[in-house]
1. Would you point out which residue out of D81, D85 is crowded, with 16+ Cβ neighbours inside 10 Å, free of Cβ contacts under 8 Å to residues at least 40 places away in the same chain and part of a strand (DSSP E or B)?
2. Considering only residues that are crowded, with 17+ Cβ neighbours inside 10 Å and assigned to a loop (DSSP other than H, G, I, E, B), look in region 143-154 and name the one that is farthest from the chain's Cα centre (by Cα).
3. For region 98-124, give me each residue that is surrounded by 21 or more Cβ atoms within 10 Å (Cβ to Cβ) and assigned to a loop (DSSP other than H, G, I, E, B).
4. Consider W212 against the criteria (1) closer than 26 Å to G37 by Cβ; (2) at pLDDT 95 or above; (3) more than 16 Å from ligand 3 (Cβ to nearest atom): it satisfies all of them except one. Which criterion is unmet?
Amino acid sequence: MMDYQIVCNKVCELARQTGAFIKESQQKSAIDIEIKGDNDFVTQVDKAAEQKIVNGLKELIPESGFIAEEGTSDIKGEVFDWIIDPIDGTTNFIHGLAPYAISIALQEKGELVLGVIYEMGLAECFYAYKGSPAYLNGHEICVSDTKNIKNSLIATGFPYSNYDRLDGFMNSIRYFMEHSRGLRRLGSAATDLAYVACGRFDSFYEYNLKPWDVAAGVFIIKQAGGAVCDFNGGDNFLFGQEIIATNKATFNEFKGIINDIMN
Ligand code: IPD
Ligand code: CA
Ligand code: CA
């Protein structure tokens, strides 16, 4: 049987090493940018970082498969699959703006068993593994105990493309502007989720996200005592491209609002 703690420590170490490489590349030279789609950028640094992560994880569990944003490997594992975003927040990275983060999750027979998010701006490593609490740089973390939306600080992301749902989304922004403590858009969904896990944000929602944006974050939030669902209150948040993540106390209220406004 796998020792999740040992594997998690090694993944944290790999994320920190790769993070140092990414930060160094940020400071060193002009960044080579390619356009993947509308407002969808990838740099040589994203690709090189993903290669380093995939190599390191292959050494850790040689028979594992990968779902990786930049397509370095798409082998399907029989038991284990890693879900990887080498830089979540590439637009921030290109502009020299924090936050941007590495996100790595592990699935065992389809169940998430480990999540690591390393945010490079503040050198903060958020992580959890099956059976553990959630941690930030070695200290246990948990979601906030805010009781209602009125007292919540809420994070979201603005879609870079796919504007089909923009009317509902703009209505949700208006609603939260009028009925919460405030809204933030940091530009890195993995960081948003990590911040819900440690109680800096009370809740987060976004549509159009991919599995590598959210996999590590949803696992860490659950281990930190929070709750996650899709916009209908269901479980299709990993591949379903819509996610709500909150502390326990505001889950029902938040879910009800999004369900009414966005569906
Ligand atoms: C993006 C970030 C951003 C979110 C976008 C994602 P990327 O990831 O998570 O916060 O709003 O939808 O695509 O492209 O920087 O890895
Ligand atoms: Ca991403
Ligand atoms: Ca990315």
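The values are calculated or read from the model by the stated rules, or taken from the named source; none is laboratory data. Note that this is a predicted model, so its numbers are computed, not measured. Note that each Cβ is placed from the backbone with ideal geometry, even for glycine, and that neighbours are counted across all protein chains shown.
1. D81
2. T146
3. Listed by number, the residues that qualify are P99, Y100, M120.
4. Of the numbered conditions (1) closer than 26 Å to G37 by Cβ; (2) at pLDDT 95 or above; (3) more than 16 Å from ligand 3 (Cβ to nearest atom), the odd one out for W212 is (3).
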